[in-house]
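Chemist: Sending over a structure as structure tokens; questions will come in a sec.
All of the numbers you see were taken from the coordinates with simple rules; none came from a lab. Predicted model, so just to flag it, every value in this text is computed and none were measured. Quick reminder, even Gly has a Cβ in these numbers, built from the backbone with ideal geometry, and neighbours come from all protein chains shown.
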Amino acid sequence: MSFELFVARRYLTARRKQAFISVITLISVAGIAIGVAALVIAIALITGFQGDVQDKILGATSHVMVSDLGARGLEDYEAMAETIRAIPGVESVSPVVYSTVLVTGIGESSGALVKGIDFERERPTSPWLQSLEAGGLPETGGAREGLLLGRELALRIGAQVGDVVGLVTASSTLSPMGLLPKRKTFEVAGIFNTGLYEFDSSTALVAIGVAQKLFGLEGRASYIQVKLEDIFAAPAIGARIQAALPPVVYITTWMELNRSLFSALKLEKNIMFLTITLIVIVAALNIIATLILMVMEKTRDIGTLMAIGATPLMVNRIFFFQGALIGVIGTALGVALGLGWCALANAFELIKIPVDIYQISYVPFRMRPLDLAAIVGVTLLICFVSTLFPARRAARVDPVVALKYE
């Protein structure tokens, strides 16, 4: 331990004639700890909320969507899918057929989006298809075609596994009574729950071949959904897909589809960080007050140190280390308090929110190592800067004046 650090530690722990300085020191440590804990909790809350919503959105939708410019459907979609699979970074590729319908249950009817997918291709990359809330995947060859209902949609129309529901499509058929909407009955094979309320409350899934016949899209797909190994590579891989396919298609990434949501969350996170950092700055002002009072109390000690050979630089370091110790102790306590609260909130799901508005039932707290490093770094920087003025003032003490009446 260096001489300067030893003296700084002694100054912090030794009993003082003026108890007021000790109280100010404790207030400084507590202020920094509270500020850091608030930063950790706020950033972990926003990061957890953003991450959970992002995981649920991307778990139920595609990372890159390949669509037809003419809105007539992709005709040669299997060849396009093979071309896309050959691109590095692509995890899975599957065609999708979709349209809006009216779903009729036992006593309720509801509008819904019916998606026709290839269950065999989708299942390996969709955990919610691997563990359905009830029932199983639709099987071919039965008396009726099967479908999967989202959990919230099934609750709304009062349907359970094994029940028969009717689908009324927007397309029409010609009959002696004129044009009538198509109607087809399905058996509920299973109920899925992705955790994304908007998806679970408005989506039904059928086999892609069934959907093509139902919506008159034989041999065509509404779009091709692509899932990637790295979701943040979507813009680069989307550009490669665009270059490899005919110009009649256009590419949409998950970032473009959810740009407004994630931009708002990112802005909120930055504003929260800057706002709560003000708490740390206010707490750092107490460090300045503490060190100035301590310099006034220790003027004679400073004169004695200089008289026996201590240089102004050494005195500067003593009070710099003293302020730095206050900052380090406060930061360490704040990080411990913040992470402890986050662990407690996750264990007991303390922050409940309306699932129909926010898509998730409670807010998880997640602290990324880089965010934690930024919080610690900014806090320590503020604390270190706060020590500069008092330390320089201590270094300018004239030993002759300090020891004048000794």
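Chemist: Measuring from a point 7 Å past the Cα of Phe389 along Cα-to-C-beta, which residues in segment 260-303 have an amide N at less than 16 Å?
Modeler: Only 281-296 pass the distance filter.
Chemist: Going through segment 55-132, which trypsin sites (Lys or Arg not before Pro) have at most 14 other Cβ atoms within 10 Å and a DSSP loop state?
Modeler: Those that pass, being in a loop and sparsely packed, are Arg72.
Chemist: Relative contact order (percent) for segment 71-247, with alpha-carbon contacts under 8 angstrom and 6 or more residues of separation?
Modeler: 34 percent
Chemist: Let me ask another. Using a Förster distance of 60 angstrom, determine the FRET efficiency expected from the C-beta separation of Ala244 and Leu381, and round it to 0.05.
Modeler: 0.80
Chemist: Now for a separate question. Calculate how steeply helix 234-244 sits against the longest principal axis of the alpha-carbon atoms of the chain, using the helix alpha-carbon long axis, and give the answer as 0 to 90 degrees to the nearest 10.
Modeler: Tilt of helix 234-244: around 40 degrees.
Chemist: In addition: So which GluC sites (Glu not before Pro) in segment 208-306 are both in a DSSP loop and have at most 11 other Cβ atoms within 10 Å of their Cβ?
Modeler: On the way: sites: Glu218, Glu229, Glu256, Glu268, Glu297; in loops: Glu218, Glu229.
Hits after loop and neighbour filter: Glu218.
Chemist: Output the 0 to 90 degree angle, nearest 10, between the alpha-carbon long axis of helix 259-297 and the longest principal axis computed from the alpha carbons of the chain.
Modeler: 10 degrees
Chemist: From the square roots a ≥ b ≥ c of the eigenvalues of the alpha-carbon gyration tensor of the chain, which class results: rounded (a/c under 1.5), prolate (a/b over b/c), or oblate?
Modeler: Prolate is the answer for the chain, as a/c is 1.5 or above and a/b outweighs b/c.
Chemist: Sticking with this one: Please give the helix 369-395 orientation as an angle from the longest Cα principal axis of the chain, in degrees from 0 to 90, rounded to the nearest 10.
Modeler: Relative to the chain, helix 369-395 is tipped by roughly 20 degrees.
Chemist: Efficiency by 1/(1 + (r/R0)^6): what FRET value for Thr13 and Ile231, r their Cβ-Cβ distance, R0 = 56 Å, to the nearest 0.05? Display every interim value, and only then the final one.
Modeler: Values: r = 51 Å, r/R0 = 0.91.
FRET efficiency, Thr13 to Ile231: 0.65.
Chemist: Could you give the size of the charge dipole of the chain about its Cα centre, using +1 on the Cβ of each K and R and -1 on the Cβ of each D and E, expressed in debye and rounded to the nearest 20?
Modeler: Working: 34 positive and 33 negative charges, 437 e Å.
Taking the Cα centre of the chain as origin, the dipole is about 2100 debye.
Chemist: Sum -39500 (n - 2.57) across every DSSP H segment of at least 4 residues in the chain, then divide by the residue count to get the 222 nm mean residue ellipticity, nearest 500.
Modeler: Helix contribution divided over all residues of the chain: -17500 deg cm²/dmol.
Chemist: Exceeding 26 Å between C-alpha atoms, which entries from my cross-link table qualify? They are Lys266/Lys352; Lys56/Lys213; Lys269/Lys352; Lys115/Lys352.
Modeler: Lys56/Lys213; Lys115/Lys352
Chemist: Name the shape class, rounded, prolate or oblate, that the alpha-carbon gyration tensor gives for segment 36-140, where a ≥ b ≥ c are the square roots of its eigenvalues, rounded holds for a/c under 1.5, and otherwise prolate holds if a/b is larger than b/c and oblate otherwise. Provide the component values of the computation, followed by the final result.
Modeler: Details: a/c = 1.97, a/b = 1.31, b/c = 1.50.
Cα axes put segment 36-140 in the oblate bin.
Chemist: Shifting gears a bit: Below 8 Å between Cα atoms, with a sequence gap of 6+, how large is the relative contact order for the chain in percent?
Modeler: Details: 707 pairs, mean separation 115.2, N = 406.
Rounded, it is 28 percent for the chain.
Chemist: Let me ask you something else. Obtain the nm distance between the two label points defined at Ser22 and Ile281 by a simple spin-label model: each point lies 7 Å from its Cα along the Cα-to-C-beta direction.
Modeler: The answer from the label model is 3.3 nm.
Chemist: Still on this structure, I have one more. Please say if segment 71-247 is rounded, prolate or oblate, where rounded means a/c under 1.5 for a ≥ b ≥ c the square roots of the C-alpha gyration tensor eigenvalues, and otherwise the choice is prolate for a/b larger than b/c and oblate otherwise?
Modeler: Verdict is oblate for segment 71-247.
Chemist: Follow-up. Each label point is 7 Å from the Cα along the Cα-to-Cβ direction; what then is the distance between the points at Ala79 and Lys266, in nm?
Modeler: Here the answer is 3.8 nm between the modelled labels.
Chemist: Tally Lys/Arg at +1 and Asp/Glu at -1 over every other residue whose Cβ is under 11 Å from the Cβ of Ser110; what's the total? If you can, show how the numbers build up before the last one.
Modeler: Working: positive: Arg156; negative: Glu108, Glu152.
Within the 11 Å Cβ shell, the charges total -1.
Chemist: Of Phe192, Val96, Trp128, which is farthest along the charge dipole of segment 71-247 in the positive direction, counting Lys and Arg as +1 and Asp and Glu as -1 at C-beta?
Modeler: Val96
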